[in-house]
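First up is the structure itself, then whatever we jot down about it.
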Amino acid sequence: MPEPGSDSPAVPRVLPVVLALVGLATCGVLEAVHVKTYLLPSADSFCSVNEQFDCSTVAMSRLSVLGGLPMPLWGAAGFLAMLLAAWWRLRLLWPLTAFATLASVGLLLEELLHVGSVCLMCEGVHVLSLLLALVAWRWHRKHGQPTTATSLVRVTVLPGGLALATILLIPPYWAPLAWQQGVPLPHGTTDEGHPWVGAEEPVLTVEEFVDYGCPHCAIATNRTRRRLAKDGDRLRVVRRHQP
């Protein structure tokens, strides 16, 4: 139940709860964009405006997955923790939102400096984190109470447990395998100099035209490798780098 005195008019409980709920919903939309980018690469994303503002480019970057979990799901876990803090222990909201704000700054710098494109939906999440931090800071400045480690664990154990379960249960749809990684199957080059992998005496040979710099090609390569894992004694894939 909420902490004593937390239902006082001085405590802006409704606003952080609403902001956290909006953050959860936004992270859900971002996860849908992330999944569609990897599994349906031909589909257009509603938040892909141009090269500078492209959610799909960010979704394909190293930024999009951390610790075996897509960033939108980490964001959802964070907003769930902030929702629990806003509803149950407001004094915990400030340290949680401060961490979320610092993480948002780091992610924005990663987008600008390394990815070269900005995800508008991600910036919406960052703005929500900042607004929550401002609300939490104002409450902390007026009614600040010491934060105990036990209380902090209580509001983070559920989101953390859900994140761990997600890591263990959902398939890594975002994990393309690079052609340069270790190949357990026979491999070599054709007379024309193109690399091949698979059966030494194939029943079927597939000519695959790929661009190693294209993330969607990397996903297609991953799917081909899975097929090779099943039929590597009969199937050979010859890759022709394009352009």
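Values as computed for the structure displayed
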| read-out | value |
| --- | --- |
| Matching residues, the range 145-179, being in a helix (DSSP H, G or I) and either modelled with pLDDT under 75 or surrounded by fewer than 12 Cβ atoms within 10 Å (Cβ to Cβ) (or both) | 149, 150, 151, 152, 153, 154, 155, 161, 165, 168, 169 |
| Output for the range 90-145, where each listed residue is of a type outside the set (A, V, I, L, M, F, W, C) and closer than 21 Å to residue 26 by Cβ | 97, 101, 104, 106, 110, 111, 117, 123, 124, 126, 129 |
| Answer from 107, 90 - the residue that is surrounded by 17 or more Cβ atoms within 10 Å (Cβ to Cβ) and closer than 30 Å to residue 54 by Cα | 107 |
| Residue 51, sole failed condition from (1) buried (at least 17 other Cβ atoms within 10 Å of the Cβ); (2) at pLDDT 80 or above | (1) |
| Restricting the range 37-79 to residues that are among the polar types (S, T, N, Q) and touching a residue at least 24 places away in the same chain (Cβ under 8 Å), the residue that is farthest from residue 223 (Cα to Cα) | 52 |
| Which numbered condition residue 29 fails, given (1) surrounded by 23 or more Cβ atoms within 10 Å (Cβ to Cβ); (2) under 17 Å from the mean Cα position of the chain (by Cα) | (1) |
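For every residue, the table says whether it meets (1) assigned by TED's automatic domain parsing to the domain that holds residue 32; (2) modelled with pLDDT of 80 or more; (3) basic (Lys, Arg); (4) assigned to a helix (DSSP H, G or I).
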position	(1), (2), (3), (4)
181	no, no, no, no
191	no, yes, no, no
197	no, yes, no, no
205	no, yes, no, no
212	no, no, no, no
216	no, no, no, yes
220	no, no, no, yes
224	no, no, no, yes
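The values are calculated or read from the model by the stated rules, or taken from the named source; none is laboratory data. Predicted, not measured: the structure shown is a model, and the values here were computed from it. Because the Cβ atoms are built from the backbone with ideal geometry, glycine has one as well, and the counts that use them run over all protein chains shown.
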